[in-house]
Amino acid sequence: MLYFLMALFIIIGVLDFIRKHGFEQYLVAGRSQNAAMVTLSMLATVIGGSATMGMVTLAGNVGFPAIWLYLSGTSGLMLLGVTLARRVRETGASTLADLVGMLIGPRARALVAVIIVTGWTGIVAAQFVAAGRIVDTLTGLEATGSLVTASIVITIYAILGGQSSIMKTDALQFFVMFGALLFAAGYLWNSSPAPLANFSFEFTNEKFPFSKALYFLLIYGGSYLVGPDIYSRLFTSADDATAKRGAISAAIILPIMGLIVLFIGLSAAASGADPKTLLTVEVVKILPPWAGAWLLGGLFCAVVSSADTCLVTAAGIIEHDILKGRRVSSMRIFIALFGGASLAIGLWRGDIIGLLLMGLGVFTTGVVAPVATALYFRGKRAVNRSGLLAAIIVGGSIGLAAAISGIQWLSFLGLGASTAISLFSAL
């Protein structure tokens, strides 16, 4: 199934490449997507292989509190849908950095563009690592070869078709992924005499204290309230009402997916196997061979949906916001370069959750509060743009220190400082 999916993605990409789409179609899919497509594409993007496999690994390490990975995303996504989604689409921006330029100014646009491009190499690296583990399980290639192979296929697909190809396949990828996870959960439930008997339903424990839950809620969840990949889906919607419906619908479905993935992770963890291989090895062993192949194919779909979105988004920011151009040919080059940089990071560090949080740390502490503030007060009152720029610089700098040092409380300090300065700038 994996080879079929790889071939399908490349064929769709080649067909879109032949059509020679313009910049608008390549970056934001012509701004013509309906609510159903926005919802499915958003879900396919946020429930990426790194989030799915990362949550199963986290469940193997800490137990039920792993649910915070999805609860955090749900909270941020619902808040986005209720408060900001319409405002995001109303701006007519093409990228998050473009939107920042409209709201806060050109210096903030350039700064946020650099933050996203550097931070999202870690996000894409996490997707590549997840894809490599899937290819490793299915093909028997050694780990490095699997990671390189998966990364090349995903990058080529993104290069060929851009956002237009991604939107075409996201719905298919979501249903393949959802069906595979749902079947796996049902099979594990039926194979256990008391599937919930040994579960400890606790939201924090010694391995996952309240401070960690708060960190996930603010840092990981914040990227759902303001984030380049999430906003890239809003930019493709036909209008502002469609953007709002898409975000809210995705927020309603997301926790259901989270519970399914958590159940799979907790069930597989009972075997005592290495948490990193629970989903790609242990669960696959339990399932019938055809179902195991389906699950791995679904996981690969999840990875592709997230990684290709991030690749196109980052390349679009480089071309549109840093170089001020609108050339599809340049974007394709930047996708290749960005994919190569992410692959290098993935080879250096194979910790999926660690890569995700590393990529989000500086962005969330520095960018989320100023952008959310500017969006919320847009059309209501004038905000101090210099103050919001200062919030990005102060919060991002402290977040960078937290990422380098590994001191968690610095992330809270950075986000708190950025939020306080942003709110003061709106007075």
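Suppose we keep only residues that are in contact (Cβ under 8 Å) with a residue 24 or more places away in the chain and more than 22 Å from Gly119 (Cβ to Cβ) within the stretch 204-235. Which one would you say is surrounded by the most Cβ atoms within 10 Å (Cβ to Cβ)? I'd like the intermediate steps shown before the answer.
Here is the first cut: in the stretch 204-235, the residues in contact (Cβ under 8 Å) with a residue 24 or more places away in the chain are 204-205, 207-208, 211-235.
Now restrict to residues that are more than 22 Å from Gly119 (Cβ to Cβ): 204-205, 207-208, 211, 213.
Numbers: Thr204: 16, Asn205: 13, Lys207: 12, Phe208: 21, Ser211: 12, Ala213: 17.
Among them, the one singled out is Phe208.
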| message | Residue under question is Ile393, and the condition is that it be within 29 Å of Gly13 (Cα to Cα) and either crowded, with 24+ Cβ neighbours inside 10 Å or among the hydrophobic types (A, V, I, L, M, F, W, C) (or both); does it hold? | response | no
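Under the condition of being polar (S, T, N, Q) and in contact (Cβ under 8 Å) with a residue 40 or more places away in the chain, which residue from the stretch 284-341 is surrounded by the most Cβ atoms within 10 Å (Cβ to Cβ)? Talk me through it step by step, then tell me what you get.
Quick first cut of the stretch 284-341, residues polar (S, T, N, Q) only: 305-306, 309, 313, 329-330.
Keeping just the survivors that are in contact (Cβ under 8 Å) with a residue 40 or more places away in the chain gives 305-306, 309, 313.
Numbers: Ser305: 29, Ser306: 28, Thr309: 29, Thr313: 31.
Of everything passing the filter in the stretch 284-341, Thr313 is surrounded by the most Cβ atoms within 10 Å (Cβ to Cβ).
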| Residue check, Ala291 outside any helix (DSSP H, G or I) and aliphatic (A, V, I, L, M) | no
| Got at least one residue in the stretch 338-360 being of a type in the set (Asp, Glu) and at pLDDT 95 or above? | no
| request: Output the residue which, of all residues in the stretch 382-393 that are under 13 Å from Phe424 (Cβ atoms) and in a loop (DSSP other than H, G, I, E, B), is modelled with the lowest pLDDT. | output: Val383
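Considering only the stretch 134-153, state which residues are crowded, with 24+ Cβ neighbours inside 10 Å and touching a Leu at 6+ places or on another chain (Cβ under 8 Å). Reasoning before the result, please.
Quick first cut of the stretch 134-153, residues crowded, with 24+ Cβ neighbours inside 10 Å only: 134-135, 147, 150-151.
The answer is Ile134, Val135, Leu147, Ser151.
Part of a helix (DSSP H, G or I) and over 23 Å from the mean Cα position of the chain (by Cα): is that true of Ala417 in this structure?
Answer is yes for this residue.
Can you tell me how many residues in the stretch 195-243 are in a helix (DSSP H, G or I) and more than 23 Å from Ala29 (Cβ to Cβ)? I'd like the intermediate steps shown before the answer.
Initially, the stretch 195-243 is screened for residues in a helix (DSSP H, G or I), giving 210-225, 228-236, 240-243.
Cutting the leftovers down to more than 23 Å from Ala29 (Cβ to Cβ) gives us 210-222.
The number of residues fulfilling the criteria is 13.
The values are calculated or read from the model by the stated rules, or taken from the named source; none is laboratory data. Predicted, not measured: the structure shown is a model, and the values here were computed from it. Ideal geometry is used to build each Cβ from the backbone, glycine not excepted, and the neighbour counts take in all protein chains shown.
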